[in-house]
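Only the coordinates and a few stated rules stand behind these numbers; no lab work does. What you see is a predicted model; the values in this text were computed from it and never measured. Here Cβ is always computed from backbone atoms with ideal geometry, including for glycine, and neighbour counts include all displayed protein chains.
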Amino acid sequence: MLKIAVLVSGGGTNLQAIIDSIARGDITDTKIAAVVSNNPGAYALKRAEEAGLTTKCISPRSFESRELFNQALTDYLVKSGADLIVLAGFMVVVPAQLISAFKNRIINIHPSLIPSFCGKGYYGLHVHEAALKRGVKVSGATVHFVDEGTDTGPIIMQKPVEVLPDDTPQILQRRIMEQAEWKIMPRVIDLIAHDRVHIKDGKVYISQEGD
Ligand code: GAR
């Protein structure tokens with residue numbers, strides 16, 4: 001049984017997709033051990049409570065320094081017994097000590113086709129604003145492992161989504177969530193739960209069922 005901790009900051013639609021996929025049996029052999037938010041007002045926390053999950057808010061504002069916040073977040077996740085950390089719209093720079101405590105065991109969903117529109121400053125609606133400004137005809141979403149850089153870890157899965165002429169950042173964001181994010185994040189978790197995701201020379205390989 002894979003135990004996951006889901007880290008959130010906002011609306012939590014990706015968290016909801018994970019909860020629903022477990023309930024439907026699209027993700028199997030997986031349990032959500034905890035849902036953690038840096039933001040006490042995150043609607044994602046309500047979704048988690050409604051699903052009967054353990055929730056925890058760890059806000060940087062409650063700590064005297066960033067270092068103390070980083071340590072508290074890392075300590076909580078280590079204690080939670082999670083095997084995998086899932087960043088589902090978590091808008092906080094992941095502490096270095098968390099990355100080393102969970103080496104190749106943290107995954108993130110990013111709302112573009114990496115390496116486009118990623119890195120520092122590219123999060124949430126900013127990503128879609130930048131994609132529309134550049135005039136790309138295709139965008140999408142990426143699930144990747146988290147390393148010390150920003151959006152630089154090994155890519156696990158990507159899904160392209162069409163950009164339409166009248167798109168606003170909000171409309172494009174919603175289409176990418178519906179057509180890509182809510183599908184590939186649950187899919188990747190299920191693959192990891194069944195030990196089918198492997199990293200070799202910085203690249204991800206997905207083995208066949210039963211291999
Ligand atoms: C999602 O679009 C996710 O890809 C993005 O934030 C949104 C969270 O929505 N994440 C990033 O931009 C990370 N760099 P949600 O709270 O409804 O899942």
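For segment 73-196, what is Rg from Cα atoms divided by 2.2 N^0.38 Å, rounded to two decimals? Before the final figure, lay out each step's value.
On the way: Rg = 14.8 Å, N = 124, 2.2 N^0.38 = 13.7 Å.
In units of the 2.2 N^0.38 Å rule of thumb, it is 1.08.
Ranked from highest to lowest mean number of other Cβ atoms within 10 Å per residue, what is the order of the peptides 79-89, 62-72?
On the way: 79-89: 19.6, 62-72: 13.4.
Going from most to least packed, we get 79-89, 62-72.
So how strong a dipole does the chain carry about its Cα centre when Lys and Arg Cβ are +1 and Asp and Glu Cβ are -1, to the nearest 20 debye? Before the final figure, lay out each step's value.
Working: 23 positive and 23 negative charges, 44 e Å.
It works out to roughly 200 debye.
State the percent of C-alpha pairs, over all pairs in segment 142-211, separated by a distance greater than 14 angstrom. Before the final figure, lay out the partial values.
Details: 1577 of 2415 pairs.
Within segment 142-211, distances greater than 14 Å cover 65 percent of Cα pairs.
Which value does Rg/Rh take for the chain over its C-alpha atoms, Rh per Kirkwood? Before the final figure, lay out each step's value.
Numbers: Rg = 16.5 Å, Rh = 17.4 Å.
When Rh is taken as the Kirkwood radius, the ratio is 0.95.
Distance check, please: which entries in 159/203; 3/203; 137/200; 120/203; 46/183; 3/56 exceed 20 angstrom between their Cα atoms?
Details: 159/203 17 Å; 3/203 24 Å; 137/200 32 Å; 120/203 22 Å; 46/183 22 Å; 3/56 16 Å.
Cα-Cα > 20 Å for 3/203; 137/200; 120/203; 46/183; rest within.
When N counts the residues of segment 16-113, how does its alpha-carbon radius of gyration compare numerically with 2.2 N^0.38 Å, as a ratio? All intermediate terms of the calculation are to be shown ahead of the outcome.
Numbers: Rg = 13.7 Å, N = 98, 2.2 N^0.38 = 12.6 Å.
So segment 16-113 has a normalised radius of gyration of 1.09.
Would you compute, from DSSP H runs of 4+ residues alone, the mean residue ellipticity of the chain at 222 nm, taking -39500 (n - 2.57) per run and dividing by the full residue count, rounded to the nearest 500?
Numbers: 7 runs with 71 residues, N = 211.
That calculation yields -10000 deg cm²/dmol at 222 nm.
Please name whichever of 65, 78, 144 sits farthest to the positive end of the charge dipole of the chain, dipole taken about the Cα centre and charges placed at Cβ: Lys and Arg +1, Asp and Glu -1.
Going by the Cα projections, it comes out as 65.
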